[in-house]
Each structure stands twice: as C-alpha cells, then as structure tokens.
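The values are calculated or read from the model by the stated rules, or taken from the named source; none is laboratory data. Values in this document were obtained by computation on a predicted structure and should not be read as measured data. Every residue, glycine as well, gets a Cβ built from its backbone with ideal geometry; the counts of neighbours run over all protein chains shown.
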C-alpha cells in the first residue's frame, strides 16, 4: 500500500490569459500519464479564464487575490501593493496546507505570489516562459527557481542564467489533434462546401482585428467563406450589435462567441487562421500545421509578438501583417490564401516542421524526475 507521503502533489499556478493557462494544463495532462496516483491543484484568480476552464478539465482549483499592474495610469494600480501582500499570505497558506512535492508556474502575474512563497518556503519550483521576451514575473523570479524552461533560445539573453535554464519549447494539449475536420465543422454547424476562416485575438480578443473583420465580412461571406470568430468578452456586445445592423447572422455562415471553449474544434475546421502572435497560439498553430496570417500585438513588451511571428514568416509558415496595416492589407491577403490551395499546403508543411508536439511530454518527464 502506498503511504501518504509517497503520493506526489503537483501545485500549478498560471492564468490570466489562455497563453499562460493552457501550457500549464498541457504539462499537468502529461504528468497524469506518468503519475497516475498523483494529486493536482491549480491556483488562479476568480474572474479570469482559469476559473472556468480548470474545473471543466477536472482539476482542483483555488483562488488568490491578484491582478496585473497596468502600465497606464489607472486607479486600480493603487490596490496593487495590497493585492501583492494579501496574495502572498494566501499563497503561503495554500502551500502550507497542500504541502506540494513541487510548484509549477507558467508565467504571468498569477504565478508570481505562489512561486515566490514556494521559493521562500524551500519547495522545489519550476517556471515555464512561453514568450521570446520574458515577462516581469519571469525576470524577477528566474534566479530563485529550481528550473526554468523556455520556448525560444533568445530568452536566455534576457534572463542571463546558466545553470537552471533549459530550452524545451511550448507545451500544447494533445486533444488539439483529436478532432477531424468534419467533426469540427459539424460542431459549428458548418458545411465542407465552403472554406473556413478562424479569427481570434487570443483569449482576451483584439479590437483592431475585430474592426478589420467587420469592414471585410460581407466580402468574405459573398466569397463563399464561412467564419469562426472569437471576439473576446469585452468586445462581444459591440461586434454583435454591428452585425445586427448589417443584417448578418448565423445563417449567413458565421459563428461568433466571446470565447471558444473547444478550441480543438475551431482549429480542425480552419483552412486559414487570422490571429495575434502569442507564443501559445503559435505553438498550437505549428503543432497542427495551419496556414496563418499573424497580426502581432503592437504594444507587447519588447515587441516580442513580432519576433515570434517573424520566425514563422521567415520559414514560409505564415504571413505577417502589422496591426496598423490591417485595414489595407488583410482582406487581399486572406482572399489570396483562401484561393490558393497549393500555397496553403506548402505553408502547412513548413508550419508543421516548426512544431514541437512533444514539448509537454518532455517538460513533464523532467518535472517527474525532479520530484522522485
């Protein structure tokens, strides 16, 4: 019989956006395969994506009171010091009660208090950074971590580490490959007689992409293109109101939502993707080999989304359009790619060559060895 202290306990902290959450879920899923008797706990915030998705995935979930510091002058920044103190106290309490074998963070403000508390308390810690330019939490905590996994080799120069950093790639979920195109189209009520455009700006949406699509949508629908469109929560009402003014609805060949819970069905349906260039999005696109037009977020730290996107463009795996050029270039580029089967096929092959589908398995294996 296995005694209690032999059961591994994995504590994960990650969220705020899908780009921070989904790598954590991918690692946890792989650890479950290696360690069937293990226990898992996720820590996040109550009003972000993790509060909905983590319980749906069957993992235990607890919350702390923390949010990001806004670069612009906002009243909520006055609460930030108090949130840091309270979230640290909450983190110490969670760690003391759960007594994890290891604590794993996947970047962003959510994992900061948990990883800091764990390092102070002497627990083994792992931090995964998905972006080429590491976030503030990663830069602050990296030297305190037992191990830091990175997605891009360029990240090393920002962290200036030597003994605890390792290049592994960005983990993605296995279920992304589990859906056929016909099942994906059926899920959205679409037909295989039309090409499908998938549009999203990350889990939070992107107003500039939404505005551009609103200006082109009639052209696409008239060109026998059907659209899966994730607007983000904050822009959903405005976009749907504008579509109503244009007398466009689901019968015209459009599915629209604040968030796509079953992203694997959206990817499976897509012939072309129009999206931001977050690291997790690119890891998923290259795992699946999807033809993509990338619009880097222009205000990303150190312009890391442009760096991410250019890597794909230089390999022939994607096209890149500047955010400021969306209105003038996107329609022509999307139509050209939709109407060129050979170009999409070549782009798909080059995209697949960049993918790292085993990144989650590799990271999970290394973590598993660390706790044994």
Picking from 114, 104, the residue that is assigned to a helix (DSSP H, G or I), buried (at least 19 other Cβ atoms within 10 Å of the Cβ), modelled with pLDDT of 90 or more and under 24 Å from the mean Cα position of the chain (by Cα) would be 114
In segment 312-325, residue nearest to residue 107 (Cα to Cα) [restricted to those that are in a helix (DSSP H, G or I) and touching a strand residue (DSSP E or B) at 6+ places or on another chain (Cβ under 9 Å)]: 312
For segment 154-184, name all the residues that are farther than 23 Å from residue 29 by Cβ and modelled with pLDDT under 95. 154, 155, 156, 157, 158, 159, 160, 161, 162, 163, 164, 165
What are the residues in segment 181-193 that are surrounded by fewer than 20 Cβ atoms within 10 Å (Cβ to Cβ), in contact (Cβ under 8 Å) with a residue 12 or more places away in the chain and not in a loop (DSSP other than H, G, I, E, B), if any? 181, 183, 187
Please tell me if residue 242 is under 19 Å from residue 214 (Cβ atoms) and buried (at least 22 other Cβ atoms within 10 Å of the Cβ). no
Condition (residue is more than 17 Å from the chain's Cα centre (by Cα), over 12 Å from residue 14 (Cβ atoms) and either modelled with pLDDT of 95 or more or part of a strand (DSSP E or B) (or both)) applied to segment 61-75: is it met by at least one residue? yes
I'd like to verify a number: residues in segment 28-50 that are surrounded by fewer than 16 Cβ atoms within 10 Å (Cβ to Cβ) and either in contact (Cβ under 8 Å) with a residue 40 or more places away in the chain or under 20 Å from residue 259 (Cβ atoms) (or both), how many? 4
Looking only at segment 117-132, filter to residues that are part of a loop (DSSP other than H, G, I, E, B) and touching a helix residue (DSSP H, G or I) at 6+ places or on another chain (Cβ under 9 Å); which one of those is modelled with the lowest pLDDT? 132
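Test of understanding: among 132, 119, 142, which residue is buried (at least 20 other Cβ atoms within 10 Å of the Cβ) and in contact (Cβ under 8 Å) with a residue 24 or more places away in the chain? It would help to see each step written out before you state the result.
On the way: 119 fails: buried (at least 20 other Cβ atoms within 10 Å of the Cβ); 142 fails: in contact (Cβ under 8 Å) with a residue 24 or more places away in the chain.
Result of the check over 132, 119, 142: 132.
Which of the residues spanning segment 133-180 are assigned to a helix (DSSP H, G or I) and more than 19 Å from residue 112 (Cα to Cα)? Give the steps one after another, and end with the answer.
Initially, segment 133-180 is screened for residues assigned to a helix (DSSP H, G or I), giving 136-144, 153-159, 174-177.
Once the filter is applied, which keeps residues that are assigned to a helix (DSSP H, G or I) and more than 19 Å from residue 112 (Cα to Cα), segment 133-180 yields 153, 154, 156, 157, 174, 175, 176, 177.
Out of everything in segment 13-53 that is assigned to a strand (DSSP E or B) and closer than 20 Å to residue 124 by Cβ, what residue ends up being farthest from the chain's Cα centre (by Cα)? Step through it out loud before you land on a result.
Going through segment 13-53, the residues assigned to a strand (DSSP E or B) turn out to be 13, 39-44.
Cutting the leftovers down to closer than 20 Å to residue 124 by Cβ gives us 13, 39-43.
Details: 13: 14, 39: 24, 40: 20, 41: 20, 42: 16, 43: 17 Å.
Ranking the candidates gives 39 first.
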Does any residue of segment 354-364 turn out to be without any contact (Cβ under 8 Å) to a residue 40 or more places away in the chain and assigned to a helix (DSSP H, G or I)? no
Consider residue 350 carefully, then state whether it is surrounded by fewer than 18 Cβ atoms within 10 Å (Cβ to Cβ) and under 21 Å from residue 19 (Cα atoms). no
Restricting segment 298-314 to residues that are in contact with a helix residue (DSSP H, G or I) (Cβ under 7 Å, 6 or more places away or on another chain) and farther than 11 Å from residue 132 by Cα, the residue that is surrounded by the fewest Cβ atoms within 10 Å (Cβ to Cβ): 298
Restricting to segment 194-214, name every residue that is farther than 16 Å from residue 275 by Cα and either modelled with pLDDT under 95 or not in a loop (DSSP other than H, G, I, E, B) (or both). 195
Six or more apart or on different chains, Cβ atoms under 6 Å: show the pairs whose first residue is in segment 323-351 and on the phi > 0 side of the Ramachandran plot and whose second is crowded, with 17+ Cβ neighbours inside 10 Å and not in a helix (DSSP H, G or I). none
